[in-house]
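Report on the structure given below.
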Amino acid sequence: MYQDDDLPRHVNRGSLKRLLRYALAYPQLLKQAAVFLLLTTLGQVLGPVLIKIFLDDYVTEGVYPLRDITLLALAYAAMYGVSAWAGYLQSMRLNEVAFSVVRRIRSQVFATVMRKPLSFFDHEPTGKLVSRITNDTEAIKDLFLQVMATFVQSVVLIVAVFIAMAFLDWRLMLVCLLMMPLMVFVMFRYQRLSAPRYHKARSILSQINGTLSESIQGMKVIQLMNQQRRFDQRFTDTSQSHFTARMRNLKLDALLLRPMPDLLRTLTLAGLLLFFGWQSMGAAVEIGVIYAFINYLSRITEPMLQMTQRLSMLQQAVVAGERVFTILDDGAEDHTAANQLIESGEVAFRDVSFSYDGEHPVLSDINFTVRPGEFYAIVGHTGSGKSTLMSLLMRFYAPQSGDILLDGKHINEVDQNSLRESVGVVMQDPFITTGSVRENITLGQDMSDEVVLAAAGQAQIHDYIMTLPEAYNTPMDERGSNFSTGQRQLLSLARTLAHKPRILILDEATANIDSHTEAVIQRALMMLRGDTSIIAIAHRLSTITAADQILVLHQGVITQRGTHQQLLSEDGLYRNMYLLQQSRVV
Amino acid sequence: MNIFLKLGWYFRAEWRRYAVAGLLLVAVDVMELMIPWLVGQLIDDVLAQRLQPESLWRYVLIIAALAVVIYVMRFFWRMYLFSASFQLAELLRQRVFKQLTTMAPAFYNRHRTGDLMARATNDVTAVEMTAGEGVLSGLDGLVTGVLVLFVMLMFINWQLTLVALLPFPFMAWFFYVIGNRLHDGFRDAQERFSDLNDRVQESVSGIRMIRAFGREAREDEVFLSVADRAAEANMRVATTDSLYDPAIFLTVGASFMLSIGMGAWLVTRGEITLGELTSFTMYLGFLIWPMFAYGWLLNLVERGNAAYTRISALLDARSPVEDSGTEQQAPSFDVSWRIGRFCYPGSDNAALANVDLLARQGQTLGIVGATGAGKTSLINLLLRYYDDPACEVGVGGIPVSGYELHALRDLVAVVPQDAFLFTATIAENIALGKPGATLDEIRAVARLAAVEQDILRFPAAYETLVGERGVTLSGGQKQRIAIARALLLDAPILILDDALSAVDVGTERSILAHLREARQGRTTLILCHRLSAVEDADQIAVLSHGELAELGTHRELLARQGWYARMFDYQQLERAVVSGR
């Protein structure tokens, strides 16, 4: 998994606000949650008050009128019931808000990534992008599910407890209030101290895991070099430093995390008792009050502890949010202004030059015109620039200089949908999607059964499909494993034929496909010829002998062009390639 | 609970830490119980109006002192208990690593890296939790539960206790059920999350095809449905989790109501005091933790047991190749193969058959042949990656199994097909087998491998970091660094296993020339596809389908007009095409 390990010292308030604003899109849920929250808090706070009334008004007095007692008991039971019920509903509403928000952020960031210019993917490692879409949004989920919910619930409860205390006895309440600044101080102090320490321990752990995985992969080398002992020693050292780092965390946790709020609470209890005892020596006091205060006191520490523990999640979530926003704000590729349509299928390259890094040219001054219905082939050694040429034609990248014209219109002015519909591709590695066989041919487009069957028949895959358990409705296995490689190619061909593109790009498989598949593809292409412009990237020269024009590419430059016969008669790269393929040694 | 027996060796070894932590835990539990009792006493004094300033101060100061002592003790038991469990985790990790270093390559063919990693990460954590939190919840839960019950029964009122505890079994049962459901839910959520990861991974790596077919909107839909499944699984966990608070709240509420009701009756009858009733309700709050602890403990034990079984299986595994040889020195550096028939474990197809081959000390033997012809199998046998009684492979006339593994590896330096570099500096990578090498030594071999010019062009030259956080090297650069690394060992036998494939022909020629100079009197084996690498070898063996098809010098083999000669012509033509002619 991809590891990101930068953690700033301060939370970025702008990003936090922006994250929280997402929740405002669900006012209904938020309102309901607020009502339920108040209800449950009220129940929690009123319970001790009822007991206090019972103790002071009845038990201490020693009188038990049946009606009053029954009423009190019923009120108590009802309140607990309602409070528990409201508490459950309240957290369900907040859960729903959290999941809705994450759903929106996830779909936004995914959709944006899917529409980024392709050059974006050249610089960003796949693992990192995946982590943006999954791990970072998961951290944002925790912000809403764990941090926000806990903070809102805790703060409301604590405030309500103090209000109830004030009603019972404001002086005793002030005694309890004394501990709050200390608790808050401990909370932030802990957060400040623990964040870098946890970060340290985590990064040592990821170092351990990195070393482990690297050593497993390179174990042969380690053993061949007789370095087992040295690697073992180094691993042990890292592992021990992880132990030391965790012990530092442990020390901090043990000092400030759980024992500390308990200490403060018990000390407050001592203060409470001192004040109460002192009062009792001067005037009559109510036992129920001290009972209620003891009860309230025990309810404050747990929420404080929870908030303390969740503060670091807040920080991580905001950092994750910032990274996600960077992707969203950089935006996606936009071709909405382009509206030209492709009709006849003419392709022209005019002095096209291209380089991925702006330094090393991959294509230089490429010039050619494929008239509608013509069959062009591009050949060349690995790295000659063939695939790049196709990428430009599909508008994956824009050339640095020169123009690509489709039907005489600049490629940038062609409507996105028209481009996709008119330019069909048969890829080296056929793209198989989950879903049924039929959906793999239609790709979700509206298409009559005749068209689908005709295309499958033309690609000679119809008979095979009919042998499948549910024919065209058979679901594809993961990555299409119920089809052989050759059959997947034919399926991909059927798909392309069904979509009737104006321009067909054929990226021939490097790996040897069986001669049957090859013959089928050949025949299908010959049928399209004259009607559809075909540009084939060929590895096997035997498949393109019938091309109208063959372009020989070497290091990004067209070095030869002509028909198969013309090129064979010339002494040059094409002829050598041809001879090479004739004399393949096994 | 079996896992605690299995971990007995560790508890015995660390008995001091566990004993101190246990004693402190018990002491804390006892002292914690004293506080409610003191509060009850104080309230009774107030009610009886016999509270004096001195006694009030005494109560308050005792409570405050207890609070401080408890705090200190809590700090220490945490330090003792968790340091023991943390150390266990590191110990297991270290043992796993050590074990891995002794395993022969065949072991790694059987175990996927991810699986081995899981044992050293997730499984170790699960065992650590058992030895830390598990011990805590078991011991502390038990002690607290027993003590509280004892105090309630003996010092307050046994009838009241029984009535007040009526709802608690329900809570224990609930914690157990919810704990299990939560655990299953977590696992499910994790699986759904990894589905999500896979899905995104697939989409991002298939971005070109998605664009080519205009499938962005469809991908969005599919993604959203997978993301929704992940969210649903998460939602189930959150829903289950949301049940905790109301359930605790209801149980405790019911218990409070019962105890206050019954308690009031007892107070009126004079069987207990109001102060005792207050202490009693405070004790009730103490019982939540033991209920929770047991549900948790069962969970931890279950997971820890499964994890420890997997770790033990790994630690008990034996390497497929035994280090039983005793020879330290080789009488000469001749390498010989006499192979009847060799199949890889689990396969019936002969990888090698009837191969009788000898490389004399000081000579260079070229081994060529199509992919899968058995070239690397020869090396695998020489390095004892596999042992097979039907194969006699020897160095200096002694079978390789007669050597101590360490000694055998000292005899041979190998440049493998895939040059593996570690995340370290270039200098460290070259000096992998000789960590004490000076920079001059490193530079000398880098020059022999014709890679120094490349290295000097990197930002920090020899100190440049390799890998994800450092520079990315080309295949040819990696290969040449691996060659330099092998040369630094200056071993009597050098093997280049298709180690020049990504290097251009000119560089290959100069490396080979350097080798001839530097390796006089030593044996060199060159395995390759490109015949130019073996043109000057003393002897060339051509393998075909595991058998020795041709043997001779470059000239002799060309004259035979066999596979070698045909391949040579083909590669000549290929070279012309690559250079654009």
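What the table shows:
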{"read-out": "Interface size B-A, as summed buried accessible area [1.4 Å probe, Å², nearest 100]", "value": "12100"}
{"read-out": "Range in chain B, longest, excluding exposed GluC sites (Glu not before Pro) [loop by DSSP; at most 12 other beta-carbon atoms within 10 Å]", "value": "B:1-321"}
{"read-out": "Label-zone membership for region A:279-303, site A:Arg171, 7 angstrom Cα→C-beta point, backbone N under 19 Å", "value": "A:279-294"}
{"read-out": "At least 40 Å² accessible surface lost relative to isolated chain, residues of region B:162-200 (1.4 Å probe)", "value": "B:Phe193, B:Asn197, B:Val200"}
{"read-out": "Region B:240-387: projected area of the alpha-carbon convex hull, averaged over directions, in nm²", "value": "20.3"}
{"read-out": "Debye-sum result for region B:406-548 in log10 I(q)/I(0), which assumes one identical scatterer on each alpha carbon, at q = 0.13, 0.14, 0.20, 0.21 Å⁻¹", "value": "-0.55, -0.64, -1.25, -1.37"}
{"read-out": "Segment B:Ala118-B:Asn180, length gained on full extension (0.36 nm per residue, minus Cα span)", "value": "20.1 nm"}
{"read-out": "With Cα atoms, 0 to 90° folded angle of helix A:179-217 axis to chain A main axis", "value": "30"}
{"read-out": "Amide H within-cut-off set for A:Gly380, under 5 Å, with H built and near neighbours excluded", "value": "A:Leu553"}
{"read-out": "Backbone HN-Hα couplings from phi across region B:93-101 [Karplus 6.51/-1.76/1.60, Hz, Gly and Pro as x]", "value": "4, 5, 5, 4, 4, 4, 4, 4, 5"}
{"read-out": "Rg and Dmax [Cα atoms of region A:1-141; Å; Rg one decimal, Dmax integer]", "value": "25.1, 84"}
{"read-out": "For region A:384-425, projected area of the alpha-carbon convex hull averaged over all directions, nm²", "value": "3.2"}
{"read-out": "Average projected area [Cα convex hull, region B:207-320], square nanometres", "value": "15.4"}
{"read-out": "Cα pair distances in region B:436-490, grouped into 10 Å bins until the bin that holds the longest one, percent each", "value": "25, 59, 16, 0"}
{"read-out": "Environment charge at A:Val161 (Cβ cut-off 14 Å; Lys +1, Arg +1, Asp -1, Glu -1)", "value": "+1"}
{"read-out": "Antiparallel %, DSSP beta bridges [both residues in the protein assembly as shown], to 5", "value": "50"}
{"read-out": "Expected-Rg normalisation [2.2 N^0.38 Å, Cα atoms] applied to region A:13-330", "value": "1.35"}
{"read-out": "Sites B:Glu202 and B:Glu322 - FRET efficiency at Förster radius 60 Å, r taken between beta-carbons, to 0.05", "value": "0.90"}
{"read-out": "Positive-end extreme of charge dipole, region A:347-585 - chosen from A:Phe354, A:Gln560, A:Thr388 (charges on Cβ)", "value": "A:Gln560"}
{"read-out": "Residue-averaged 222 nm ellipticity for the protein assembly as shown, from DSSP H runs of 4+ at -39500 (n - 2.57), nearest 500", "value": "-20500 deg cm²/dmol"}
{"read-out": "Value of D in µm² per second that Stokes-Einstein yields for region A:321-377, Kirkwood Rh from Cα pairs, at 10 °C (1.306 mPa s)", "value": "103"}
{"read-out": "For the protein assembly as shown, the fraction of alpha-carbon pairs in successive 20 Å shells from zero, as %", "value": "9, 29, 31, 19, 10, 2, 0"}
{"read-out": "For region A:206-311, the spread of Cα positions along each principal axis, largest first, Å", "value": "88, 19, 16"}
{"read-out": "Dipole magnitude of chain B, debye to nearest 20 (Cβ charges: Lys/Arg +1, Asp/Glu -1, about Cα centre)", "value": "360"}
{"read-out": "Base-10 log of normalised Debye intensity for chain B (one unit scatterer per alpha-carbon) at q = 0.06, 0.09, 0.11 Å⁻¹", "value": "-0.56, -0.91, -1.12"}
{"read-out": "Rg/Rh (Cα only; Kirkwood hydrodynamic radius) as it applies to region B:2-316", "value": "1.12"}
{"read-out": "Full-stretch length increase - A:Leu193, A:Arg104 - with 0.36 nm per residue and alpha-carbon distance subtracted", "value": "28.6 nm"}
{"read-out": "Dipole of chain B, positive end: most advanced residue of B:Val414, B:Gln453, B:Ile379 [Cβ charges, Cα centre]", "value": "B:Gln453"}
{"read-out": "Carbon/sulfur fraction of accessible area - region A:187-228, other protein chains in place, 1.4 Å, %", "value": "53"}
{"read-out": "Degrees, to the nearest 10: B:563-578 long Cα axis against longest axis of chain B", "value": "70"}
{"read-out": "Average other protein chain Cβ within 10 Å of Cβ, residues A:246-253", "value": "4"}
{"read-out": "Taking region A:13-330 and dividing mean pair separation by its residue count, relative contact order in percent (alpha carbons under 8 Å, at least six apart)", "value": "33"}
{"read-out": "Region A:347-585: relative contact order in percent, alpha carbon pairs under 8 Å with at least 6 residues between", "value": "27"}
{"read-out": "Peptide-level mean, for B:483-492, of C-beta atoms on other protein chains within 10 Å", "value": "1"}
{"read-out": "Total charge dipole magnitude, chain A, about the Cα centre, Cβ charges on Lys, Arg, Asp, Glu only, Debye to nearest 20", "value": "2180"}
{"read-out": "All-pairs Cα distance distribution in chain A, expressed in whole percent, bin size 10 Å", "value": "3, 12, 15, 16, 14, 13, 10, 7, 5, 3, 1, 0, 0"}
{"read-out": "Magnitude of the charge dipole, the protein assembly as shown, Cβ model with Lys/Arg +1 and Asp/Glu -1, debye to 20", "value": "1960"}
{"read-out": "Solvent-accessible surface (1.4 angstrom probe) belonging to A:Thr559, in square angstrom, nearest 10", "value": "80"}
{"read-out": "In degrees, nearest ten, helix B:439-448 long axis to first principal axis of chain B (Cα)", "value": "50"}
{"read-out": "Alpha-carbon radius of gyration plus Dmax, which is the widest Cα pair, for region A:347-585 in Å", "value": "18.4, 55"}
{"read-out": "Lys/Arg +1, Asp/Glu -1 at C-beta; region A:149-230 dipole; positive extreme among A:Leu172, A:Pro196, A:Ser213", "value": "A:Ser213"}
{"read-out": "Computed FRET value (nearest 0.05) for B:Ala370 with B:Asp538, which takes r as the C-beta separation and R₀ as 22 Å", "value": "0.45"}
{"read-out": "Relative contact order (percent, whole number), chain B, Cα cutoff 8 Å, 6+ residue spacing", "value": "15"}
{"read-out": "Placed amide H near B:Gly372: partners under 5 Å, 5+ positions off or other chain", "value": "none"}
{"read-out": "Within chain A, percent of DSSP bridges classed antiparallel, to nearest 5", "value": "50"}
{"read-out": "Modelled label reach - B:Thr309, point 7 Å along Cα→Cβ, region B:114-152 residues with backbone N closer than 16 Å", "value": "B:119, B:123-124, B:126-127"}
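The values are calculated or read from the model by the stated rules, or taken from the named source; none is laboratory data. Remember, it's a predicted structure, so these values are computed and weren't measured experimentally. Using ideal geometry, Cβ is built from the backbone for each residue, glycine included, and neighbour counts are taken over all protein chains shown. Accessible surface is based on the protein model in full, side chains and every heavy atom, while ligands, DNA and RNA are left aside. Shrake-Rupley method; radii C 1.70, N 1.55, O 1.52, S 1.80 Å.
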